[in-house]
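Taking it in order: structure first as structure tokens, then the write-up.
We did not get these values from a lab; they are worked out from the coordinates using the rules stated. Note that the structure is predicted; figures quoted are calculated from it, not measured. All Cβ positions, glycine included, derive from the backbone under ideal geometry; neighbour counts span all protein chains shown.
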């Protein structure tokens, strides 16, 4: 695909037309698509989408509208289905491919498909779905995951080591120890329970984190997950002492600024140094900081999910169906896709190890 190899030029315009600036027919079609239903009438085709999915899809469609505007093809009187044609979309793909990597092009076409299929559900958009599949089949990742995803047990051990250091470090202040312990607990928990980072950040005591007997459970309702399916899992026994210690001590230190103020009245599990709920970007940055120090390269929270799949693929291939509940996938097909990717990654790692061994023997001889 054009633009997927070599250095790409800077795209002249990457603006996305805001929803309020869309042509009236498009705004009306989008409003109908996200219209919630009731007991008498069925809602729009996107009524069940999460706010994040709506924002992402609307932004992608706004990018398409902005390109139409910039190229003189935006007729405000047209219906959405009249402006999404094979000929016009082909030009859009050519434009994107000249300035973007393959996965960016793929995402834009996927967003366009998701938008138009709910805005004009009576039309057959199979051709646009096939176009996305064709782009996906010939797109290679800009950066391979090989070597970037440490084993799940290494990630869990990193979290436990950070917690242990927080408890014993005499060179740190109580607030610094609380931050370090919190980070270690987050890392270890995600290694054992690789939920999406948005769910990790949203855990609230008494809602998503529920005490049951002497243990704790993570519970997310269907409307809190990306796949719109409920998710629940017990906190691993190995982490229970650390969780209790965090709740009883380190979280209190964070809430009070090490006893310098009254405790903040929040129920968020993960508390920042300023006694506010931690944002997703803050969690992301803390993960990358600690994993870069430990493994030489930063590991994002999302890659913890790949690590979990790889662990099953290499150590328990007979348990492929376990991926579905562990990662919260909506279908087994999604789980099997990630499983196959993980098997490929593991085979690649083994090959690299073999080649390295051969080179070592060659140097010796």
Inset, instruction - Rank-order 113-124, 41-52 by packing density, defined as the average count of other C-beta atoms within 10 Å over each peptide's residues, highest first. - result: 113-124, 41-52
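Using 0.36 nm per residue, how much length does the chain from residue 137 to residue 24 gain when fully extended, once their Cα-Cα distance is taken away? All intermediate terms of the calculation are to be shown ahead of the outcome.
Values: separation 113, 0.36 × 113 = 40.68 nm, distance 3.57 nm.
Additional length available on full extension: 37.1 nm.
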Legend entry - In nm, spacing of pseudo-spin labels at residue 232 and residue 168 (7 Å Cα→C-beta vector): 3.8
Legend entry - DSSP-defined antiparallel bridges as percent of all bridges, the stretch 152-302, nearest 5: 90
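Classify the stretch 19-137 from the C-alpha gyration tensor, please: rounded if a/c falls under 1.5, else prolate or oblate depending on whether a/b exceeds b/c. Working shown, then result.
Details: a/c = 1.84, a/b = 1.45, b/c = 1.27.
Verdict is prolate for the stretch 19-137.
Which shape class, rounded, prolate or oblate, goes with the stretch 204-266 when its Cα gyration tensor gives a ≥ b ≥ c as root eigenvalues, a/c under 1.5 marks rounded, and past that a/b bigger than b/c marks prolate?
Numbers: a/c = 3.18, a/b = 1.61, b/c = 1.97.
The shape class here is oblate.
For Cα pairs less than 8 Å apart in space and 6+ apart in sequence, what is the mean separation divided by the residue count of the stretch 164-235, i.e. the relative contact order in percent? List each step's numbers first, then the result.
On the way: 65 pairs, mean separation 13.4, N = 72.
Worked out over the stretch 164-235, it gives 19 percent.
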Inset, instruction - Compare the peptides 67-76, 182-191, 97-106 by average per-residue count of other Cβ atoms within 10 angstrom and give them in order, highest first. - result: 182-191, 97-106, 67-76
Legend entry - Point-to-point label distance, residue 81-residue 245, nm (Cα→Cβ direction, 7 Å offset): 6.2
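I need 90, 276 ordered by Cβ neighbour count within 10 Å, fewest first. Before the final figure, lay out each step's value.
Numbers: 90 11, 276 14.
Result, fewest neighbours first: 90, 276.
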Inset, instruction - Please give, to one decimal in nm, the separation of the simple spin-label points placed at residue 122 and residue 35, each 7 Å out from Cα toward the Cβ. - result: 1.3
Legend entry - Linear extension gain, residue 292 paired with residue 264, 0.36 nm per residue minus alpha-carbon span: 6.9 nm
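Highest mean first, how do 56-65, 233-242 rank when packing is the count of other Cβ atoms within 10 Å averaged over residues?
Values: 56-65: 21.7, 233-242: 15.4.
Ranked by mean Cβ neighbours within 10 Å, highest first: 56-65, 233-242.
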Legend entry - Where the Cα pairs of the stretch 152-302 fall when distances are cut into 5 Å bins, in %: 2, 10, 19, 23, 23, 15, 7, 2, 0, 0
